[in-house]
Amino acid sequence: GNAFLQKFVCAETQAEVLKSMTLIDTPGVLSGEKQRIGRNYDMSEVCKWFAERSDLILILFDAHKLDISDELKEVMANLRGHDDKIRIVLNKSDQVTPKQLMRVYGALMWNLGKVLRTPEVTRIYISSFWHRPYAEPGAVNHELFD
């Protein structure tokens, strides 16, 4: 509705690859009611609206922040029926050691299994998406990222 549109921002850039796609970057979903004060729209309904019009949905998790908040659970519930479009991405994977990466990956799979309620194991894509060289702790995993 209007509450969301008042906060919606658009940016355009000249790039050949973008002529055939539109990227929507929603704010991260928050945990706790206190963090959502001032947001006068329903984030899960906004995500549902976009999901119905999308060909692909990327859900990014930070290697250091695997929290699945109540709001994210609501968003995931509203995305049911669009499972074939959803891709889970574990970002900033270069910022953890290989041993930590295995733990983080396993914990994310465990947490998602409880939320997604699917009999199949969820595929998680791992990488580090930024313009800098890979960070030292996980740089040895570069073959997994490239």
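Results, tabulated for the structure shown:
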item: Two-site FRET efficiency, Glu143 against Asn111, from Cβ-Cβ distance with R₀ of 25 Å, rounded to 0.05; result: 0.45
item: 12 Å beta-carbon shell around Lys92, net charge (K/R +1, D/E -1); result: 0
item: Gaussian network model of the chain, springs between alpha carbon atoms under 10 Å - residue of Asn111, Asn78, Asn40 with greatest fluctuation; result: Asn40
item: Mean Kyte hydropathy of -0.5 or more with a Cα span along the axis of at least 15 Å, helices from DSSP in the chain; result: 98-116
item: Answer label, with semi-axes √(5λ) of the Cα gyration tensor in Å calculated from the coordinates and candidates (i) 42, 23, 13; (ii) 27, 20, 16; (iii) 26, 20, 12; result: (ii)
item: Relative contact order computed over the chain (Cα-Cα under 8 Å; 6+ residues apart), in percent; result: 22
item: Lysines whose Cα lies under 25 Å from that of Lys85, excluding same-chain neighbours fewer than 8 positions away; result: Lys19, Lys48, Lys65, Lys73, Lys114
item: Cβ-Cβ FRET estimate between Leu60 and Asn2, R0 fixed at 30 Å, reported to 0.05; result: 0.60
item: The chain: antiparallel DSSP beta bridges as a percent of all, rounded to 5; result: 10
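Read-outs: derived from the displayed coordinates by stated rules, not from any lab. These figures come from a predicted structure and were not determined experimentally. Heads up, the Cβs are rebuilt from the backbone with ideal geometry, glycines too, and the neighbour counts pull from every protein chain shown.
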